[in-house]
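Q: Okay, here's the structure, questions in a sec.
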Amino acid sequence: MNIEYIIIAMCLIATVVLFIGCSQEDTAPAVTDPEKQEQSSKEQTTTQSETTKEKFEETEPKPVETQIDIMETATIKSLGVASNSAEARSGAIVRGSDGKFYAVLPSLGFLVCYDFEKDTSTQHLFENNTSGAPFKSFASQAGKFYTGANAYFYEFDPVVKEFTAVIHMGEWGATQTGWGFCEDDDGIIYFADYPKLYLYAFNPTTKEIKNYGLIDETQMYCFSQAADSSGWVYSAIGTAEVNV
């Protein structure tokens with residue numbers, strides 16, 4: 001009997017020891033690999049960053065592309081041919097001193113002035129120059145029209161419909177005048193000549209011409225000019241030699 005009790009007691013002790021061992025294993029803190037722990041932390045941080053970025057992108061206002069049709073309210077209307085009897089050699093739209101708009105079209109030996117408001121046109125012969133051939137035209141801020149035909153320089157007023165200045169440029173050696181018109185802040189009109197590339201200035205108040213001399217000794221054509229507020233005149237010239 002004593003032996004049986006001893007055996008039973010030993011079995012109970014073994015069971016208790018086994019139970020205590022299992023309990024300690026369940027409650028003991030887990031020992032992890034430091035490298036795996038660092039990688040797990042980085043993955044968690046990346047996930048949080050991506051989540052924050054997604055939330056920011058959802059709340060951030062997105063730019064809206066807007067297309068504007070500039071022709072939506074504009075109307076282009078063809079007024080047709082002013083006169084099919086002659087060739088228009090340049091031309092200009094002039095806002096006259098009366099605030100109205102005029103189209104002035106020079107041709108061989110004359111010019112045509114078209115009144116947009118009245119839908120009427122008038123023809124005006126070049127004085128003393130029935131074969132004059134214009135090449136360039138210009139509309140000034142004061143409402144005057146300018147052109148050159150052969151050696152003549154013309155100022156035309158579309159409001160009164162007459163030439164207000166007719167100047168023969170022969171005394172300056174001009175043969176084909178009226179190239180590269182431009183205007184400065186004082187209303188002085190600048191232009192050039194062909195084939196001798198002289199620069200001239202016309203004063204609309206005094207009707208006087210001033211010769212500033214040769215722009216270039218080789219080039220013959222003045223394509224365009226511009227005058228700045230500092231008193232300089234800039235000329236685009238050619239085409240006697242390579243100069244691009």
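Q: Since A226 meets every condition but one in (1) of a type in the set (A, V, I, L, M, F, W, C); (2) buried (at least 16 other Cβ atoms within 10 Å of the Cβ); (3) in a strand (DSSP E or B), which condition does it not meet?
A: It is condition (2) that A226 fails.
Q: Sort out for me the strands (runs of 3 or more DSSP E) sitting completely within the range 91-177 that have 1 or more residues that are in contact with a strand residue (DSSP E or B) (Cβ under 7 Å, 6 or more places away or on another chain) and small (G, A, S).
A: By residue number, 92-95, 101-107, 120-125, 134-139, 145-149, 162-168.
Q: Here are some residues: Y200, Y234. Which one is within 12 Å of W172 (Cβ to Cβ) and either in contact with a Ser or Thr (Cβ under 8 Å, 6 or more places away or on another chain) or surrounded by fewer than 18 Cβ atoms within 10 Å (Cβ to Cβ) (or both)? Outline the logic, then answer.
A: Working: Y234 fails: within 12 Å of W172 (Cβ to Cβ).
Within the list Y200, Y234, the selection yields Y200.
Each value in this text was obtained by applying a stated rule to the coordinates, not by laboratory testing. Everything numeric here is computed off the predicted structure, so don't read it as measured data. Backbone-built Cβ (ideal geometry, glycine too); neighbour counts: all protein chains shown.
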